[in-house]
Structure formats: C-alpha cells, structure tokens
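As structure tokens, the structure follows; a few thoughts come after it.
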Amino acid sequence: MEKLRSIEQFKLFQDKCRREFEEYPLVISVCQGASCRAAGSEEVANVFEKLTTGSSDIRFIKSGCQGFCEYGPLSVVRPSNIFYQMVKPGDAAEIMRTTKDDGEVVDRLLYTHPATGEKLGREHEIEFYSKQQRIVLALNGYIDPLRIDDYLAHGGYSALAKALQVMEPGHIIEEMIEANLRGRGGAGYPAGWKWKSCKEAPGDRRHIICNADEGDPGAFMDQAVLEGNPHSVIEGMLIGAYAIGGTSGYIYIRHEYPQAIETFSAALDKARELGLLGDNILGTDFSFDIDMTFGAGSFVCGESSALMRSLDGQVGEPRDKFTHATEKGFHDEPTTLNNVETWANVPHIINKGAKWFRSIGTKDSPGTKVFSLVGKVNNTGLIEVPMGTSLREIVYDIGGGIKNDGKFKAVQTGGPSGGMLPESKLDLPVDFDALTDAGSMMGSGGMIVMDEHTCVVDVAKYFIDFLIEESCGKCLPCREGLRQMSKILHRICDGEGTLKDIDDLEALGQTVAATALCGLGKSAPNPVLSSINYFREEYIAHIVEHKCPGGVCMSLISYHIVPDLCNGCGECDEACASSAIRTVRGQKRKEGLLCEIDQALCDKCGACMQICKENAIEKRSPAVASRGAA
C-alpha cells in the first residue's frame with residue numbers, strides 16, 4: 001500500500017475506494033460484536049466468507065456491532081436492508097440463494113414483532129432501529145473495520161483532509177466551541193473549550209489522549225465503536241492534534257477488550273501505511289502518531305488524572321483538581337483527553353458543521369448519545385438516540401418494554417455512580433442537565449432497566465460494594481465513607497436495620513459527595529441517595545415490616561410448596577443441593593405424594609422454583625408472594 005503524499009492524491013485514492021466498493025450490487029454483512037460472537041457469529045461469518053470468495057456480485061463484510069444484541073447473530077443484505085436474526089451457519093447458503101433471487105427472503109429468519117406477530121423484513125421497519133438516529137454508529141454494519149478502504153469509500157478521513165487543506169487550527173477550535181460537543185465520557189465538559197485551553201497553555205509539547213477504559217458494569221459503547229469503526233476515532237484524534245498543536249497521541253484501552261485492541265492496532269497500522277499517521281501527513285508539515293497502552297482492570301483509571309498517572313507508569317490514583325490537565329496533564333504538560341465517543345463525533349462536526357450538529361438534540365446538550373440498554377427489557381443492545389429523547393421512548397419504543405410483561409420499577413443511568421429513576425421520571429428527557437437535576441447522571445452511557453422483582457436496596461448495596469472494590473483508597477471520604485454505607489445497606493437487607501440508618505445513609509452520602517477527591521468518589525453515593533429519594537418506602541419496608549418488596553433479600557424471604565398444585569414428582573428434591581425437600585403422603589390430595597420444604601435446611605437458592613413444572617413453589621415475603629421465577 002503506497003503512502004499518500006498529498007491531499008490531491010488522497011482524494012483520488014478515496015474516489016478509487018468508493019468506485020471499487022460500489023462495483024458490488026449486493027453486500028452481505030454479519031455482525032461480529034461481542035454478543036453476536038458469543039452466539040456463534042464467527043462460524044456464520046466463516047461460511048459466508050467461503051461462499052462469497054471470488055464473487056463479483058456479492059461483497060461480504062464482517063462488521064462491527066449492529067446493536068440488536070438480543071437477537072444475534074445478525075446479518076443484513078444491502079442495499080435492500082433485509083434484516084436477518086438468530087442466523088446459524090447452515091442458513092448462509094439459503095440467504096445467498098434467496099439474495100440472488102430478486103424480492104425473495106428467508107421468512108423464518110425475519111424479525112417477528114412480539115406484540116402483533118408481524119414479520120418485519122427491513123431494518124427501518126423495526127422500532128429498535130427506526131427510533132434511533134445513528135451518527136457515531138452510522139457505519140457499524142456497513143464497513144469491515146479491518147479494511148481501511150471501506151472507511152475511505154464511505155467518506156472516511158475527508159474531515160481530516162478538509163481540516164488540513166482549508167481550516168486553520170483556531171478555526172477548528174471555534175467550530176468545536178460552536179458545536180458544543182460535550183464530553184461523552186460522562187463529565188459533559190465542552191470539548192471545544194478544553195481544546196482551546198490546551199492550545200493556549202504554555203509549553204512546547206502537547207498530548208492527545210483517548211480514554212477507552214470503559215469499566216461500568218453492563219457498558220460496551222466504547223468497545224463497539226473501537227471494534228466497529230476504529231478509524232473514526234483515529235481521525236477525530238488527528239483533527240484534535242492538528243487543532244491544538246498536539247505532538248503525541250495515546251489511547252488507553254482496557255486489557256479485557258482483546259478484540260478492540262486487535263482491531264484498533266490493525267487500524268493504526270493501516271493508517272500509517274497510507275501516510276495518515278506519522279511524519280508530514282498528506283504532504284503537510286503536520287506530524288502525529290498514536291501509541292496504545294493497556295489498562296489492567298482498574299475502574300478508577302477511567303478518571304482522567306488517574307489514567308494519566310497510569311499512562312506515565314505510576315500508581316493509577318487521581319490528583320487534586322486545582323491543576324487542570326489542559327495546562328499540566330500527562331508528563332505535567334498540556335493535555336487534551338476525551339473519550340472514544342467524543343473523538344468519533346469530531347469528523348462529523350468538521351465535515352457537516354457546528355450548525356448541523358446543534359440541530360440535533362437539545363439546546364444545551366446537542367448531538368446524539370450512544371447507550372448500552374440492558375436489564376429487564378425485551379430489546380437489549382447498543383442504541384444511539386438524539387439528546388432529549390425520553391426514557392419512556394428508550395425503554396418502551398426502542399427497548400420493547402419490560403420482559404415477560406413485567407412492571408417497570410426503575411432505570412439506572414450513568415453506571416455504578418449513577419442514580420435510580422422511578423416510573424414517574426419516564427418522561428424525563430435524557431440529556432446531561434436533566435439527568436443530573438433528577439439525581440442521576442449521563443455517565444458514559446450505561447442504562448440498566450429494572451422490573452418489580454428488583455430490590456432497589458439490594459441494587460444500591462451491589463453498586464456500593466462494587467465501588468468499594470474499585471476505589472483507589474487515596475482519600476478518606478471514599479475509602480471509609482463507602483465502607484460505612486455498605487455496612488448499613490447489608491444490615492438493612494438482612495432485616496436488622498433501623499430507621500436511623502436511612503438518615504445516616506443520606507448524611508454519609510452527602511458528605512462523600514462533597515468531600516471526595518475525584519469525580520468517581522463524588523458521584524459514588526448516587527445509587528443510594530437516589531434510591532432513598534425515590535424509593536424510601538422500600539427501605540422502610542425492610543426495616544419496619546421485615547419485608548423485601550422485590551422478593552430478593554434472602555433474610556426476608558422463604559420458599560414454600562402449595563399443596564393444591566404439587567403433584568409429588570420429586571424433581572424439586574433432586575434439584576435441591578441442601579437436601580431441604582422431602583416427599584410425604586398428601587394431606588389435601590386423595591392420592592399421590594406431596595413435597596415439603598424444611599425451612600431450617602433451605603439455603604434459599606431458588607433452584608426448586610426454577611425446576612417446578614407445576615408452578616407449585618412460591619417465594620414468600622410478607623410483602624410479596626410470587627410463583628414461577630426465582
């Protein structure tokens with residue numbers, strides 16, 4: 001691959017890539033996102049690859065995450081956009097055959113609307129996709145992330161060429177300020193103002209960093225972008241470096257993301273081969289390159305100052321905020337740090353302008369946001385929506401509502417440091433300020449939906465315990481304050497709490513939020529404070545009535561067999577690891593046997609309830625009695 005030594009040469013090569021891509025009348029993609037790979041999409045892709053090798057009619061693409069994770073492996077035929085779900089290796093030949101027959105589809109692989117039973121054949125007909133607006137994820141499903149030619153064929157690196165050819169660095173920064181792109185890593189600080197501060201700071205060297213240390217439970221937004229469209233991040237970092245006078249670039253990526261590491265590393269190599277990274281990029285006097293560094297699983301290294309210390313080979317601990325990274329960051333030199341999604345937005349803003357970007361979303365939170373939608377929702381997956389989209393639209397229109405026709409209880413936004421929002425907040429517009437005002441936060445984009453079988457006290461306990469394990473321990477409020485909150489939460493879940501514990505939790509949470517050193521510590525009490533604010537009655541039920549409304553807290557529940565439903569089959573006895581179930585002669589049945597649970601031996605694992613075909617085992621708490629699912 002020959003290096004491109006001028007912008008004119010770049011444009012000619014880009015046109016060549018576009019023509020070659022468009023030569024194929026049909027394109028078949030198979031999703032290689034983490035969820036689809038877990039469901040067997042690699043085997044599906046291997047079959048398609050063999051069937052399309054040498055074909056001049058069909059181009060095959062191993063794409064990044066296409067988003068609809070609940071129904072993987074996914075395959076899409078373009079340009080007709082026929083959407084196939086739950087594809088198996090044996091389906092590939094049939095898809096190929098019908099694809100060549102104009103208007104034919106494999107009916108059994110089409111998505112079926114759960115409410116109407118209607119077969120929906122195209123992406124835009126499925127609410128999961130039709131309700132989204134994809135900018136950052138726009139090319140996921142359309143390009144092979146390992147082929148730079150695919151990215152170029154879809155306009156890739158044209159924003160960089162535009163910036164180098166017709167825009168001064170100051171002009172780029174002003175465009176970013178006008179766009180008001182707020183940091184998608186969670187803090188929401190405007191990227192343009194950060195760039196301006198870094199450019200104006202004294203110093204001979206300036207650094208560009210991409211934060212790809214995605215550590216929130218259930219979050220995989222950055223992973224999907226890096227695996228699906230790595231060149232968008234590289235291009236964004238190049239534009240940022242040109243704008244601020246950056247001399248070196250780094251991406252700090254989780255070691256637990258081997259696929260993302262492999263894909264991004266390959267993208268860097270391809271960009272260097274073409275002369276898009278390195279010295280005198282596209283024949284200009286602009287030189288810049290990007291190195292990769294791998295995190296070792298430390299959650300706190302997602303915090304900017306801790307990340308920079310780790311990148312420098314030091315212990316990953318935050319530092320005081322009176323020193324700004326834009327003035328003294330990495331190596332105590334001016335540094336601009338943004339997350340994956342923020343960098344991926346930059347090329348779109350430079351190509352289409354700040355006015356276009358601000359036409360999407362809300363006045364103070366323009367653009368779109370990528371979320372990982374998980375939990376007790378029918379359509380789990382990766383989504384991208386305009387800022388200001390309501391929680392109700394996300395949960396019920398895109399998410400398809402609550403699983404098993406359950407009742408919505410809460411949604412946790414912002415990861416473990418976010419807050420739990422109740423049903424009364426479903427019409428809240430999702431943007432930085434509205435979520436913060438409601439006691440939650442945007443975070444990096446994790447969104448966990450909960451139903452009536454969720455205990456909010458137990459969830460708060462889980463997140464606080466997670467944050468204790470991940471705390472760097474540097475500052476007293478976070479290190480000790482969270483431990484004391486955990487002790488109180490465990491006590492309440494065990495049925496040993498007092499009403500004073502609720503007041504103590506609020507006081508501790510407010511103190512930690514006000515005095516912790518870094519942003520992670522300051523936001524750590526959010527799950528507790530928001531759950532007390534919106535679900536105080538559940539805390540009171542645990543304490544006063546020794547009830548768990550969600551039927552989760554083991555100390556407050558017990559399992560019982562309903563005699564009128566039990567047929568004495570004994571399958572529950574076989575499933576019980578603690579030998580707590582025995583079979584006795586029925587008292588209410590004229591013939592046959594009944595099963596009984598010895599409460600003294602029962603370890604409350606719920607295995608008996610899961611295996612009972614007669615739905616004869618119920619989980620009891622004074623507040624709830626439910627059958628059929630543990």
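Each value in this text was obtained by applying a stated rule to the coordinates, not by laboratory testing. As the structure is a computational prediction, the values presented were derived from the model and not from experiment. Heads up, the Cβs are rebuilt from the backbone with ideal geometry, glycines too, and the neighbour counts pull from every protein chain shown.
Within 10 Å, count the other beta carbons around each residue, average over each peptide in 157-165, 178-186, 564-572, and list them highest first.
Details: 157-165: 20.4, 178-186: 23.8, 564-572: 16.7.
Output ranking for 157-165, 178-186, 564-572: 178-186, 157-165, 564-572.
Give the shape of the chain as rounded, prolate or oblate, defined through the alpha-carbon gyration tensor: a ≥ b ≥ c are the square roots of its eigenvalues, a/c under 1.5 means rounded, and otherwise the shape is prolate if a/b is larger than b/c and oblate if not. Numbers along the way, then the final one.
Working: a/c = 2.40, a/b = 1.37, b/c = 1.75.
Taking the square roots of the gyration eigenvalues as a ≥ b ≥ c, the chain is oblate.
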The set of residues whose placed amide H lies less than 5 Å from the amide H of residue 319, leaving out same-chain residues fewer than 5 positions away, is 305, 306
Protection proxy (average C-beta count within 10 Å per residue), highest first, orders 207-217, 166-176 as 207-217, 166-176
Expressed in Å to one decimal, the Kirkwood Rh of the stretch 405-452 from all distinct alpha-carbon pairs is 10.6
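Percent antiparallel among DSSP beta bridges with both residues in the chain, to the nearest 5?
Details: 43 of 70 bridges.
Roughly 60 percent of the DSSP beta bridges within the chain come out antiparallel.
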Phi angles of the stretch 405-420, converted by Karplus (6.51 cos²θ - 1.76 cosθ + 1.60, θ = phi - 60°) into ³J(HN,Hα) in whole Hz with x for Gly and Pro, give 6, x, 9, 4, 10, 7, 9, 9, 10, x, x, x, 9, x, x, 8
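Which value results when the Cα radius of gyration for the stretch 62-154 is divided by 2.2 N^0.38 Å? Walk me through the numbers before you get to the answer.
On the way: Rg = 13.7 Å, N = 93, 2.2 N^0.38 = 12.3 Å.
My calculation over the Cα atoms of the stretch 62-154 gives 1.11.
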Log entry: pair-distance distribution for the stretch 156-358, C-alpha pairs binned every 10 Å from zero, whole % per bin is 9, 39, 39, 13, 0
Heads up, the stretch 451-562 by the C-alpha gyration tensor (a ≥ b ≥ c square roots of eigenvalues; a/c under 1.5 rounded, else a/b over b/c prolate, else oblate) looks prolate
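What is the Cα convex hull volume of the stretch 176-248 when expressed per residue in Å³?
On the way: hull volume 7.4 nm³, N = 73.
With only Cα atoms used, the stretch 176-248 gives 102 Å³ per residue.
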Most packed first (mean Cβ within 10 Å per residue), the peptides 358-366, 325-333 order as 325-333, 358-366
Residue by residue through the stretch 489-498, the couplings from Karplus 6.51 cos²θ - 1.76 cosθ + 1.60 with θ = phi - 60°, in Hz, x for Gly and Pro, are 5, 4, 5, 5, 5, 8, x, 10, x, 10
Sorted by chain and number, the residues with a modelled amide H under 5 Å from that of residue 82, at a separation of 5 or more or across chains, are 77
Expressed in angstrom and rounded, the centroid-to-centroid distance over alpha carbons for the stretch 381-441 and the stretch 124-172 is 27
Whole-Hz Karplus couplings 3J(HN,Hα) for the stretch 163-172, θ = phi - 60° and coefficients 6.51, -1.76, 1.60, Gly and Pro as x, run 4, 6, 8, 10, 10, 7, x, x, 5, 4
Rh_Kirkwood(the stretch 368-451) over Cα pairs, Å, one decimal, evaluates to 12.2
Length gained if residue 108 through residue 24 is fully extended, taking 0.36 nm per residue and subtracting the Cα-Cα distance, is 27.6 nm
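Report, in listed order, any pair from 131/376; 196/321; 461/619; 131/403; 196/355; 3/328 with a Cα-Cα distance greater than 24 Å.
Details: 131/376 20 Å; 196/321 18 Å; 461/619 22 Å; 131/403 19 Å; 196/355 19 Å; 3/328 35 Å.
With Cα atoms farther than 24 Å apart: 3/328.
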Quick numbers on the stretch 28-100, Rg and Dmax over C-alpha atoms in Å, give 11.0, 33
